[in-house]
1. Using amide H atoms built 1.01 Å from N in the peptide plane, name the residues 5+ places from residue 229, or on other chains, whose amide H lies under 5 Å from its own.
2. Residue separation times 0.36 nm, minus the C-alpha to C-alpha distance between residue 133 and residue 68: what's the value?
3. What is the gain in length, in nm to one decimal, between residue 147 and residue 170 on full extension, counting 0.36 nm per residue of separation less the C-alpha to C-alpha distance?
4. Of 243/264; 205/243; 223/264; 142/212, which sit over 31 Å apart, Cα to Cα?
5. For region 8-91, count the residues as N, evaluate 2.2 N^0.38 Å, and divide the Cα radius of gyration by that value, please.
6. Hey, quick one: spin label on residue 16, modelled 7 Å out along Cα-Cβ, who in region 137-156 has an amide N within reach, i.e. under 15 Å?
7. Just how many pairs of Lys in region 8-91 have C-alpha atoms closer than 21 Å, counting pairs that are eight or more places apart or on different chains?
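Throughout, read-outs are computed from the coordinates displayed, never taken from laboratory work. Just so it is clear, the structure is predicted and the values come from calculations on it, not from any experiment. No Cβ is skipped: glycine too gets one built from the backbone with ideal geometry, and neighbour counts run over all protein chains shown.
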Amino acid sequence: RSSYSCCYFVLPCCFFDFHGKYSRRQSKKTQYREYLDFVAQVGFVCGFRVEEDCLRIPSTKRVCLIGKNRTYPPTEHALIDKQITQYINNRQTCPVVTHDRRVGFNHKDHSDVFKEAGSELPENETETAGTVWMPGFQPREKVEQIRNCASLPRDFVDDVVLSVANLLLNATPQKSCSNMHGGNTNTWNQGESLSLKEVAEHLNKETLKRLKSEYGGLQTLLKNNHQVFEVLNGRVHIRDWRKEKPSRKTKPEVKRRLSAEAFKTRLCWFFLHHPDGCSLPSESCPYAHGTEELR
């Protein structure tokens, strides 16, 4: 609808219609083939000669559709505009799966598509077709707000992390430790595991309200703080770095030398906040035990 001289290229991927998820209608085709035919049909309804090609990219969904030329003269642009509106309205009211035995969409059959677009609509629909295509449709904002807990204030995140960690540590009797920062294997307190629901019940209402406005809420925040927590099957654990398995990938010699020098850019949370200190000695911990180790 941009202009008569408009051309387009599209690489169909996720199965979406004009108003939400794509509803299958032809059970004799694969979902991907049916969706490609639907996108091609949209191009024909909009008056394009649709061409199909296959891209040389490492993806299972690499079929693209191209519209370079129109099937109608510029004088019929208003009529096509009405047909497009009718087609979109029909897509809202016909989420039915049919047993179509055709292998694919007939790329030469333009007339049947146009007939289908206007055949099921009352006369008053065609009169208003050229005004608004999708009344009530609300597109997302041009600048999408980041809502994965990454933009939350650092002080707020630190307070939640400390609160949850103390909750897990106090869920079992505190163990004594003779070497506060030496990582004594037998005495280091890993605390208890709690469900996300149990953790949420101990947070105040204001904190929960703030987290609910983020995608994934509390779980996302805890997973973002990979250094401190491990979230498995809906349960929260304090991460024990002694149990972390080293990567099996063989690194090039240069990378091995760099990793051996332990470029530490962040302070160790356990060294600063855990009552028993860090479970690892300084030379083994990927985080800095004190500002003097920061690089």
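1. Close amide H contacts, sequence-distant or interchain: 239.
2. Between residue 133 and residue 68, full extension yields 21.1 nm more.
3. Numbers: separation 23, 0.36 × 23 = 8.28 nm, distance 3.07 nm.
Difference between extended and current length: 5.2 nm.
4. In this structure, 205/243 exceed 31 Å between Cα atoms.
5. Ratio of Rg to 2.2 N^0.38 Å for region 8-91: 1.17.
6. Once the point is set 7 Å along Cα→Cβ of residue 16, 137-145 turn out to lie under 15 Å by backbone N, inside region 137-156.
7. Total qualifying Lys-Lys pairs in region 8-91 comes to 4.
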